[in-house]
Amino acid sequence: MFIFAGFSWALWTTRNKMVIEHKFSKSPSDIMYLALSYLQKWAVLLKEEDRERMDAVRRVIMDWMKSLMQFPFLMLWRSSLL
């Protein structure tokens, strides 16, 4: 539930910036990194065992994102937005 809340909040705040401030993300990975930063900031609110599990999930997602950014077609898509 905690991880869902972090990603939902990242989507909501990004959506608000797009609608209200007309600021758009350069890449979907920006939203992912924003969600991961929320999870890291909010981790202090969790019990120790839950914090360790959440941190393990956060690391898996970070590793997945790093490996995903190695694909050439994603780099072309990202550079076309800049």
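The values are calculated or read from the model by the stated rules, or taken from the named source; none is laboratory data. No experiment lies behind these values; they were computed from the predicted model shown. Every residue, glycine as well, gets a Cβ built from its backbone with ideal geometry; the counts of neighbours run over all protein chains shown.
Summary of values
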| item | result |
| --- | --- |
| Qualifying positions in region 41-56 - assigned to a helix (DSSP H, G or I) and in contact with a Phe, Trp or Tyr (Cβ under 9 Å, 6 or more places away or on another chain) | TRP42, ALA43, LEU45, ASP50, MET54 |
| Filter result (more than 12 Å from PHE2 (Cα to Cα), part of a helix (DSSP H, G or I) and of a type outside the set (S, T, N, Q)) within region 18-40 | MET18, VAL19, ILE20, GLU21, PRO28, ASP30, ILE31, MET32, TYR33, LEU34 |
| From LYS66, LYS41, LYS17, residue being modelled with pLDDT under 85 and exposed (fewer than 14 other Cβ atoms within 10 Å of the Cβ) | LYS66 |
